Amino acid sequence: ALFYETAIRKNEFLSLKVEDLNLGSRYLRIKAKRGKEERLIPLSDTFMVLARNYLEKYTPGIFLVEGISRGPYSPEAIWTLWKDALKSNELPHNTSLNFIRQSRIKHWLDEGVPRSFIREWIGTDSL
């Protein structure tokens, strides 16, 4: 749900910390990389419910999604989780995280969200 809701990249997901999820102001903060500014991505009401339930159930410490040792997930672990999610949701086995990102961008455009907002949220100068 987080990948679709925010259209974040896998490496951004891996570095998310609990403090980056602001439930009060309803946004996810993506910290600056490579000289760019940090980004604030708004969160929907539906996602807010999921986020609260997740935080109550898993009580993460530092990282928003933690591995067994309470550290960040590895890229390999994300790939395993992604394959399992595809199976349980009956999605084609070759559906990529980038496809989910591109789908979200298209849906924002279809909903009439200004391109300037989307560019800011996804951290790119072009769309």
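Could you state the number of Å between the C-alpha centres of segment 105-125 and segment 44-77?
Computed from Cα coordinates, the inter-centre distance equals 25 Å.
Heavy atoms only, 1.4 Å probe, whole protein assembly: order Trp121, Trp108 by accessible area, highest first.
From most exposed to least exposed: Trp121, Trp108.
Working with all protein chains in place, sort Leu14, Leu50 by solvent-accessible area computed with a 1.4 Å probe, largest first.
Result, largest first: Leu50, Leu14.
For segment 120-125, take each phi angle, set θ = phi - 60°, evaluate the Karplus expression 6.51 cos²θ - 1.76 cosθ + 1.60, and give the result in whole Hz per residue in order, putting x for glycine and proline.
Once θ is set to phi - 60°, the couplings for segment 120-125 become 5, 5, 8, x, 9, 8 Hz.
Would you calculate a helix-derived [θ] at 222 nm for the chain, using -39,500 (n - 2.57) for each DSSP H run of n ≥ 4 and dividing by the full residue count, to the nearest 500?
Working: 6 runs with 60 residues, N = 127.
Computed mean residue ellipticity for the chain: -14000 deg cm²/dmol.
Quick one: what are the phi-derived ³J(HN,Hα) couplings along segment 68-80, Karplus 6.51/-1.76/1.60 with θ = phi - 60°, whole Hz, x for glycine and proline?
4, 7, 6, x, x, 5, 8, x, 5, 5, 4, 4, 5
Could you tell me what percent of the accessible area of the chain is made up of carbon and sulfur, with a 1.4 Å probe and every protein chain present? Provide the component values of the computation, followed by the final result.
Details: 4450 of 8230 Å².
Looking at the chain in its full context, I get 54 percent from C and S.
Using the Karplus curve 6.51 cos²θ - 1.76 cosθ + 1.60 with θ = phi - 60°, what ³J(HN,Hα) values do you get for each residue of segment 16-33, in whole Hz, with x for Gly and Pro?
5, 10, 3, 5, 7, 9, 9, 6, x, 9, 6, 8, 10, 9, 10, 5, 5, 10
Pairs of lysine in the chain with Cα under 24 Å and at least 8 positions apart or on different chains: total?
Total qualifying Lys-Lys pairs in the chain comes to 18.
Could you pull out the longest piece of the chain with no exposed loop GluC sites (Glu not before Pro) in it, calling a site exposed if DSSP puts it outside H, G, I, E, B and it has at most 11 other Cβ atoms within 10 Å?
Numbers: sites that count: Glu37, Glu38, Glu90, Glu111.
Between exposed loop sites, the widest span is 39-89.
How big is the accessible area of Thr46 in square angstrom, nearest 10, if you roll a 1.4 angstrom probe over the protein chains?
100 Å²
Not counting the cut sites, what is the longest span of the chain without trypsin sites (Lys or Arg not before Pro) that DSSP labels loop and that have at most 14 other Cβ atoms within 10 Å?
Numbers: sites that count: Lys31, Lys33, Arg34, Lys36, Arg70.
For trypsin sites (Lys or Arg not before Pro) (loop position, at most 14 other Cβ atoms within 10 Å), the longest site-free span of the chain is 71-127.
For Ile68, Ile41, Ile62, what's the largest-to-smallest order of accessible area, 1.4 Å probe? Please list the in-between numbers first.
Values: Ile68 180, Ile41 0, Ile62 105 Å².
Largest to smallest exposure gives the sequence Ile68, Ile62, Ile41.
The values are calculated or read from the model by the stated rules, or taken from the named source; none is laboratory data. Just so it is clear, the structure is predicted and the values come from calculations on it, not from any experiment. As a convention, Cβ positions derive from the backbone with ideal geometry for all residues, glycine included, and neighbour counts pool all protein chains shown. Side chains included, ligands, DNA and RNA excluded: accessible areas come from the protein's heavy atoms. Shrake-Rupley method; radii C 1.70, N 1.55, O 1.52, S 1.80 Å.
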